[in-house]
Amino acid sequence: MERENFGSKLGVLLAMAGSAVGLGNLWRFPYMVGVNGGAAFILVYIVFTVILCLPIFISEFVIGRRSQSNALGSFRKLAPGSKWSLVGILAVLTPMIILSYYSVVGGWSLRFFCSACTMDFTKDGTDLAGMFGLFASSVWGPIIFHTIFLGITAAIILAGVQKGIERFSKVMMPLLFILIILMAARTLTLPGAKEGLQWILKPNFSKVSLSMCAAALGQAFFSLSIGYGIILTYGSYVGKDVNIVSSAAKTTGMDMLFSLIACCAIMPAVFIFNVSPNAGPGLVFQTLPFIFSKMPLGNFVAVIFFATLVVAALTSAISLFEVGVAWLVEERKLSRKWATLWVFFFTWVVGIICSLSFGPLNGIKLFKMEIFSLLDYLSSNILMILGGLFFVVFVGWKMKKADVREEFTNSGALKGNNWLFAPVYFIIKWVAPIAVILIFISNFIK
Ligand code: PFF
């Protein structure tokens, strides 16, 4: 069977950026910045993204493009008969676990978008803030919205790589940037925005600690979608003429820029309306509706914000979905339709359990965490870091250096990438594995 590829270089770029830009930038990044003390966290996050995550991104891309196969098949192809296929299993499983709870948050976003369209925030915003807790802990509402969100994702996947993922990303990514810039423009022109901006820009280095570094690395991985087999799978749909290094750098740049703009759109408002910046995961769903209710043009901003959240979540969810589908189609020989149905079913069931962990299943705790938090912790802090580590070790130590160079320079055609190869290869072989192991271990030293 002929494998489908992305149709254009722009399509590849926007699909990868679509995967990267998501709830991680709008929901997770601002609250992580809030909880970890502001500018110092942002600085550490930027350094990690450029020095460690970009080379890991490139490694994952190299494996995918070289093998032209799914996350599991690629290791079988490039290292036949070895234990490396175990890494492939990890790379197929982790995205499906993430998608399960990601879709629950996607459902919340959809619910809030509907409220933003129909309610008057200036009157009801304060109630909306309280409504989040009630809604998330109820049984049917979150399950229905999780189902709708996952259903839309499945429909895009069903349409295929070019007609589904690529077409959707090409329209939605520019829209996302326009929406978030609109929102930032509104916040930054409010009187008193300066103080919040200073909090984002002036680092307080006494806040830097090992656990903060671990959190920054986790955030950088999550935000770039690396370490899960996503970049690998998308990379496998890419032709030999695409410049891996520049695509990786552009995606990373777009993702970082989006996070920073999102922070500028949210944090100053948090300060102006005198609410605490460290509200944690509830920041977007509880603190922001309250702020919208107090803000001039609050209704309009609320619609824009929750639309951005839903679109960003969708473009990321399709990338998570595609990993499982690619594996089922190529390794298990299912049709795209059946593969989509199976992934839908698995993530739908696990998602329902996650959703109920805010309500009736709240008492069930493992390692002191309820199911939702446990899956988030397991996938973001452990599985994906391990995935990223294995990818760099595979490229740095298992693949032939000449093959890696070939992917890096498109068999010598990209002269500009020649001089970059040595330093990046050094990071992939030595710096990234050692740094990632150290930071990973620091997770467990409290
Ligand atoms: N990078 C996405 C975000 O920032 O929301 C989340 C994500 C997508 C994580 C895909 C992992 C992934 F495989």
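Test ALA326 against the criterion of being within 16 Å of the ligand (Cβ to nearest atom), in a helix (DSSP H, G or I), out of contact with any strand residue (DSSP E or B) (no Cβ under 9 Å at 6 or more places or on another chain) and more than 30 Å from VAL47 (Cβ to Cβ), and give yes or no.
Working: within 16 Å of the ligand (Cβ to nearest atom): yes; in a helix (DSSP H, G or I): yes; out of contact with any strand residue (DSSP E or B) (no Cβ under 9 Å at 6 or more places or on another chain): yes; more than 30 Å from VAL47 (Cβ to Cβ): yes.
So ALA326 fits the description; yes.
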Quiz item: Out of all the residues in the range 181-202, is one or more part of a helix (DSSP H, G or I), modelled with pLDDT of 90 or more and within 16 Å of the ligand (Cβ to nearest atom)?
Solution: no
Self-check item: Wholly within the range 9-116, helices (runs of 4 or more DSSP H) carrying at least 1 residues that are closer than 22 Å to PHE177 by Cα, within 16 Å of the ligand (Cβ to nearest atom) and under 17 Å from the mean Cα position of the chain (by Cα)
Solution: 9-20, 29-35, 39-48, 54-67
Quiz prompt | Test: LEU297 is open to solvent by 10 Å² or more (accessible area, probe 1.4 Å), away from the ligand (no atom under 16 Å from the Cβ) and at pLDDT 85 or above | solution = yes
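Sort out which residues of the range 157-183 are of a type outside the set (Gly, Ala, Ser) and open to solvent by less than 20 Å² (accessible area, probe 1.4 Å), and write them in order of number.
Step one: list which residues in the range 157-183 are of a type outside the set (Gly, Ala, Ser), which gives 157-158, 161-163, 165-168, 170-183.
Once the filter is applied, which keeps residues that are of a type outside the set (Gly, Ala, Ser) and open to solvent by less than 20 Å² (accessible area, probe 1.4 Å), the range 157-183 yields ILE157, VAL161, ILE165, GLU166, MET173, LEU176, ILE180, MET183.
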Quiz item: Given the structure, is PHE305 within 16 Å of the ligand (Cβ to nearest atom) and crowded, with 24+ Cβ neighbours inside 10 Å?
Solution: yes
Quiz item: Name the residues in the range 355-384 that are open to solvent by 30 Å² or more (accessible area, probe 1.4 Å) and in a loop (DSSP other than H, G, I, E, B), would you?
Solution: PHE358, PRO360, LEU361, ASN362, GLY363, ILE364, PHE367, LYS368
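The values are calculated or read from the model by the stated rules, or taken from the named source; none is laboratory data. Predicted model, so just to flag it, every value in this text is computed and none were measured. As a convention, Cβ positions derive from the backbone with ideal geometry for all residues, glycine included, and neighbour counts pool all protein chains shown. Just so you know, the surface numbers come from the protein's heavy atoms only, side chains and all, with ligands and any DNA or RNA stripped out. Shrake-Rupley method; radii C 1.70, N 1.55, O 1.52, S 1.80 Å.
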